[in-house]
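First up is the structure itself, then whatever we jot down about it.
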Amino acid sequence: MLNNRQVAQYLKRINFQHSLNDKKSTLVALHQAHMLSVPFENIDIHLGNKIRLSLPLLFEKIVMKNRGGFCYELNYLFAALLHSCGFKVNLLSAQVFDGDLPGREFEHLLLLVESEGIIWICDVGFGDSFIRPLKLNTEPVEQLGYLYKVTSQDEKYVLFRKKIDGRWMPQYLFSLTPQKIGSFTQMCEYQQTSPESTFTKKSVCSIATESGRLTLSNGKFIETSNGNRSEKLIASSKHYRQVLQQYFIMLLPDNISLTQWEKLGL
């Protein structure tokens with residue numbers, strides 16, 4: 001739980017301009033505001049900063065220092081905000097698909113939220129994904145040029161996504177079994193230390209916009225808007241800092257050296 005002051009600071013961090021009175025509209029507005037304000041990023045991993053699943057530490061990093069994070073950080077802290085706003089929230093384990101095969105248990109953390117008899121899937125920590133929460137077993141929903149649906153499959157559920165003119169692709173497989181944050185500790189450690197983890201192979205900083213997405217990764221700054229895509233090369237560590245500050249409102253501390261800035265996947 002967050003106290004009233006922390007809730008107010010969190011709402012300011014995500015530029016939340018909505019009433020908290022109507023539960024359904026509040027949940028949608030909170031989710032969208034978070035996606036448009038807090039980047040999905042793993043820069044700490046490449047700077048050698050250990051990520052610990054502690055709410056006080058995550059609150060300091062994401063809310064007070066204007067940083068982002070990956071799924072364990074973002075969804076765990078968002079769950080605390082939702083709980084503090086009166087929602088019933090459970091942490092869920094998901095297995096991310098690699099092609100047609102699901103990966104390991106606990107390699108992704110997402111949220112199950114119940115509000116006024118409706119069950120929602122919330123996920124502010126999967127990067128390029130839905131910006132408004134999804135209901136279970138409903139008709140496909142369009143968001144930013146993609147269709148999304150959640151379907152049941154042998155007592156589990158699968159999130160699917162497709163471009164309007166494409167084919168359905170599975171994103172992750174999950175069950176509705178509630179989990180404790182400690183169950184994700186081992187995979188969180190793996191994701192930030194194993195050479196086999198996608199998060200150690202390259203850095204990424206990405207955020208949704210009203211019309212698409214901004215992404216900084218692999219030596220490029222990529223902007224997509226209304227289906228159009230543009231790329232710019234990152235020329236130096238100074239340029240990298242400038243892009244972080246201008247587009248992601250992220251200012252890395254001066255004592256962080258980016259001399260070996262190729263470690264950031266550039």
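Just so you know, all these numbers are worked out from the coordinates, no wet-lab data involved. Fair warning: this is a prediction, and the values are worked out from it, not measured in the lab. Counting neighbours? That spans all protein chains shown, and the Cβs are built from the backbone with ideal geometry, glycine included.
What the phi angles of the stretch 146-157 give under the Karplus curve with 6.51, -1.76 and 1.60, with θ = phi - 60°, is a coupling list of 10, 9, 10, 8, 10, 10, 7, 7, 6, 6, 10, 10 Hz, glycine and proline written as x. Based on DSSP H runs of at least 4 residues, each adding -39500 (n - 2.57), what is the mean residue ellipticity at 222 nm of the chain after dividing by all its residues, to the nearest 500 deg cm²/dmol? One gets -7500 deg cm²/dmol as the mean residue ellipticity at 222 nm.
Computed over neighbours whose Cβ is under 15 Å from that of Ser37, the net charge equals +4, Lys and Arg +1, Asp and Glu -1.
Full extension of the segment from Leu233 to Thr209, taken as 0.36 nm per residue of separation minus the current Cα-Cα distance, would add 6.6 nm.
Suppose the chain between Gln242 and Met1 were pulled fully straight at 0.36 nm per residue; how much longer would it get relative to their current alpha carbon spacing?
On the way: separation 241, 0.36 × 241 = 86.76 nm, distance 3.51 nm.
Contour length minus Cα-Cα distance gives 83.2 nm.
In terms of its alpha-carbon gyration tensor, the chain comes out rounded; the largest-to-smallest axis ratio a/c stays below the 1.5 threshold. Other residues lying with their Cβ under 13 Å from the Cβ of Phe174 contribute a combined charge of -3, Lys and Arg counting +1, Asp and Glu -1. Legend: P(r) of the stretch 65-200 from all alpha carbon pair distances, 5 Å bins from 0, whole percents, reading 2, 10, 19, 24, 21, 15, 7, 2, 0.
What net charge is computed for the residues neighbouring Gly86, neighbours being all others with C-beta under 15 Å from the C-beta of Gly86, Lys and Arg scored +1, Asp and Glu -1? Surrounding charge for Gly86 is 0.
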